[in-house]
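Chemist: Have a look at the structure that comes next, please.
The values are calculated or read from the model by the stated rules, or taken from the named source; none is laboratory data. All values reported here derive from a predicted model rather than from experimental measurement. No Cβ is skipped: glycine too gets one built from the backbone with ideal geometry, and neighbour counts run over all protein chains shown. Please note that ligands, DNA and RNA were not included when accessible areas were found on the heavy atoms of the full protein model with its side chains. Shrake-Rupley method; radii C 1.70, N 1.55, O 1.52, S 1.80 Å.
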Amino acid sequence: GSDSEYSIDAGEFQVALPLWGTVHHTGYPLHMLLGSPFVSALGWLGLPAAAGAALFSLVWGTACVVVLGGLLFRLTDQPLLSFAAALAASLTFSIWIHAVIPEVYSMWLFLTLLALSLALRLDRGWSDRLGWLLALVCGLGIAHHRLLALLLPLVALWLWPRLPHGSQLWRWGGTAMGAFVLGFLPYVDM
């Protein structure tokens, strides 16, 4: 019902989510696996599928604001400034629109911000487990939308000085690669 380029796939998501279906390539299996029960539960409460699909995007958009605010707070140690900046970012057109239409980009942005937040924590103090979690989040993010792949070289360069060295790097890297590949697990559904 719209000629906006932003909402070109919105109808597809509105139909596929309550039917527990799939959408065009890449299928966005993580989005569909998490969104279908969400939209169905709201449907059982009487909310139309179109509204439920949009609310699913709003949940991810809200989570983006929370993660961005936390990331900014860790960088500035200024809670009011961090909240105001995260709120201002959420009101920009391209961020706001993807939080109110049924699309995959608010979930993609959440995974991107979560990866950056984990990288910042790792930069301030290395933890193998957090590194493996970052690898999983990056795998989920790239499996969800390949645009997150552009972030990987930057995160790798950022954290290179913090990574374990020698044989520990091989052990950690093998587990990290496994965690990264695990992020593609939602594709088993397809």
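Chemist: Going by the structure shown, is ALA176 farther than 22 Å from VAL188 by Cβ and either of a type outside the set (Phe, Trp, Tyr) or at pLDDT 95 or above (or both)?
Modeler: When the stated conditions are applied, ALA176 does not pass them.
Chemist: Follow-up. Can you pull out the residues in the stretch 25-38 that are under 20 Å from LEU109 (Cβ atoms) and either touching a residue at least 60 places away in the same chain (Cβ under 8 Å) or of a type outside the set (Gly, Ala, Ser) (or both)?
Modeler: Result: THR26, GLY27, TYR28, PRO29, LEU30, HIS31, MET32, LEU33, LEU34, PHE38.
Chemist: Which one of these is assigned to a helix (DSSP H, G or I), among the aromatic types (Phe, Trp, Tyr), without any contact (Cβ under 8 Å) to a residue 60 or more places away in the chain and open to solvent by 40 Å² or more (accessible area, probe 1.4 Å): PHE56, PHE73? Reasoning before the result, please.
Modeler: Details: PHE56 fails: open to solvent by 40 Å² or more (accessible area, probe 1.4 Å).
None of the other options fit; the residue is PHE73.
Chemist: Next up: If you go through the stretch 9-49 one residue at a time, how many are open to solvent by less than 60 Å² (accessible area, probe 1.4 Å), in a helix (DSSP H, G or I) and among the charged types (D, E, K, R)?
Modeler: Total satisfying the criteria: 0.
Here's the yes/no breakdown for (1) among the small types (Gly, Ala, Ser); (2) without any contact (Cβ under 8 Å) to a residue 24 or more places away in the chain; (3) within 16 Å of LEU30 (Cα to Cα); (4) out of contact with any Phe, Trp or Tyr (no Cβ under 8 Å at 6 or more places or on another chain):
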| residue | (1), (2), (3), (4) |
| --- | --- |
| ARG129 | no, yes, no, yes |
| GLY139 | yes, no, yes, no |
| HIS144 | no, no, yes, no |
| LEU147 | no, no, yes, no |
| LEU150 | no, yes, no, yes |
| LEU157 | no, yes, no, yes |
| PRO161 | no, yes, no, yes |
| HIS165 | no, yes, no, yes |
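Chemist: If you go through the stretch 76-89, how many residues are on the phi < 0 side of the Ramachandran plot and outside any helix (DSSP H, G or I)?
Modeler: 1
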